[in-house]
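Shown next, in structure tokens, is the structure this report addresses.
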Amino acid sequence: MPRGLWTTTVGSFPKPPELERARNRFAKGEISAEDLERMEREETARCVKMQEEIGLEILVDGELYRGDMTTYFAERMAGYAISNPVRSYGNRYYRKPVAVGAIRRKGAMTVEWWKYAQSLTPKPIKGMLTGPYTMMDWSFNEHYPSREAMAMDLAAAVNEEALALQDAGARYIQIDEPAISVRPEELPLAIRAFGRAVQGLTAKTITHICYGNFDVIYPALLDLPVDQIDLEMANSRYDLLERFRAQPFTKEIGFGVLDVHSHRVETKEEIVDGIRRALEVLPPERIYVDPDCGLKTRTVEESRRKLEVMVAAVREVRAERGITA
Ligand SMILES: [Zn+2]
């Protein structure tokens, strides 16, 4: 019997409103770091339990203790300062990392959270890191002579953390590079940095890449030294599948079937249809089914409902094709 169509998520889960309030109160000095962390641990446990209840097979810690995906790591590395708030879009402000010296890993950044989440479930928890190219691209640089020099130091730091996650027992290590699809001319640099970041890893490696200019970066993207590339398939109505017919996708795919920018809950039929279309170009053992991107922009309830439909759709296709987990 063929195996495949494993269910997972891209990484982030929504922070419940109580946790957002606690984070704001902590920022104003109204509660202690210990109070905030106690709450983050409680919500992480709730998030792991919810993933088990939904029936997901490869879980995440939900990243409820992270602000954004670059600043979280920058705050924990040597060589980085954090800027005053800069405007991103609309009236949203965020604090951007600035390289002010040689970037180095100082110590574990995610390992304790990974161990905690893994202690709560027998199912595998993915280690989740932000990739060196994206860390570089989303930071200011006041130290390095070139973007490459900065990316390679970041790659060494990410590699140390990835190896620490692997030593702790992580079987899946995801190193996200959402920025890769934005500047096609830098793809070779991103690939070199990624190669350094995964050096020595025997765990399954995954990277999430946001939707972008695939006319230019595909199939060169397949040169990334990674086992699985996770892509946003649903929000472009699976148009990438047509590309894969002409230029075969040679890796495992994280096959996004939930549009994370929409409140609408997908129907089971449309997800079933998307998975059937994936099976026309890829064998089931190379397909992992998940949402298009992180779920942090949705509410907890929307995330749960979308994921429940996703799991039901996978079960239907598995039954129809005789595929087991
Ligand atoms: Zn994305």
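Contact annotation: residue pairs with Cβ atoms under 7 Å, 6 or more positions apart or on different chains, pairing a residue in region 282-311 that is under 28 Å from G322 (Cβ atoms) with a partner that is among the basic types (K, R) and within 16 Å of the ligand (Cβ to nearest atom), are P291/K306.
Looking only at region 265-309, count every residue that is of a type outside the set (V, I, T), more than 16 Å from R237 (Cβ to Cβ) and within 16 Å of the ligand (Cβ to nearest atom) and tell me the total. Write out each step before concluding.
Taking region 265-309 as the starting set, the residues that turn out to be of a type outside the set (V, I, T) are 266, 268-270, 273-274, 276-280, 282-286, 288, 290-296, 298, 301-308.
Pick out the ones that are also more than 16 Å from R237 (Cβ to Cβ) and you get 268, 279, 282-286, 288, 290, 294-296, 298, 301-308.
This time we only want the ones that are within 16 Å of the ligand (Cβ to nearest atom), so: 288, 290, 294-296, 298, 303, 306.
Qualifying residue count, region 265-309: 8.
Kindly evaluate F73 against the criterion of being of a type in the set (F, W, Y) and free of Cβ contacts under 8 Å to residues at least 40 places away in the same chain. Considered against the rule, which asks whether it is of a type in the set (F, W, Y) and free of Cβ contacts under 8 Å to residues at least 40 places away in the same chain, F73 comes out as no. Scan region 235-259 for residues that are touching a residue at least 40 places away in the same chain (Cβ under 8 Å), under 18 Å from G11 (Cα atoms) and hydrophobic (A, V, I, L, M, F, W, C) and the total you get is 2.
Within region 209-220, residues that are under 16 Å from F249 (Cα atoms) reach partners that are assigned to a loop (DSSP other than H, G, I, E, B) and within 16 Å of the ligand (Cβ to nearest atom) with beta carbons closer than 6 Å, at six or more positions or on different chains, in the pairs I209/E177; Y211/E232.
Please enumerate the residues belonging to region 279-324 that are outside any helix (DSSP H, G or I) and surrounded by fewer than 18 Cβ atoms within 10 Å (Cβ to Cβ).
Taking region 279-324 and keeping what is outside any helix (DSSP H, G or I), we get 282-283, 287-299, 322-324.
Listed by number, the residues that qualify are P283, T297, T299, G322, T324.
Do we find that G254 is crowded, with 18+ Cβ neighbours inside 10 Å, within 16 Å of the ligand (Cβ to nearest atom), at pLDDT below 95 and not in a helix (DSSP H, G or I) in this structure? In short, no. If the condition is being more than 13 Å from the ligand (Cβ to nearest atom) and charged (D, E, K, R), then region 197-242 contributes K204, D215, D223, D227, R237, D239, E242. Selection of helices (runs of 4 or more DSSP H) fully inside region 139-238 by the criterion of at least 3 residues being of a type in the set (D, E) returns 147-168. With respect to the conditions (1) over 26 Å from L295 (Cα atoms); (2) in contact with an Asp or Glu (Cβ under 9 Å, 6 or more places away or on another chain); (3) surrounded by 15 or more Cβ atoms within 10 Å (Cβ to Cβ), L241 falls short on a single one, namely (1). Of everything listed in (1) touching a strand residue (DSSP E or B) at 6+ places or on another chain (Cβ under 6 Å); (2) of a type outside the set (K, R); (3) at pLDDT below 95, the single unmet condition for D215 is (1).
Scanning region 49-66 turns up no residue that is closer than 30 Å to A179 by Cβ, among the small types (G, A, S) and surrounded by fewer than 17 Cβ atoms within 10 Å (Cβ to Cβ).
Quick check on region 159-196: of everything there that is in contact with a Pro (Cβ under 9 Å, 6 or more places away or on another chain) and closer than 15 Å to M69 by Cβ, which residue is nearest to the ligand (Cβ to nearest atom)? In this case the residue turns out to be E177.
The values are calculated or read from the model by the stated rules, or taken from the named source; none is laboratory data. Since the structure is predicted, the reported quantities are computational estimates derived from the model, not experimental observations. When we count neighbours, we look across all protein chains shown, and the Cβ atoms used for this are built from the backbone with ideal geometry, even at glycine.
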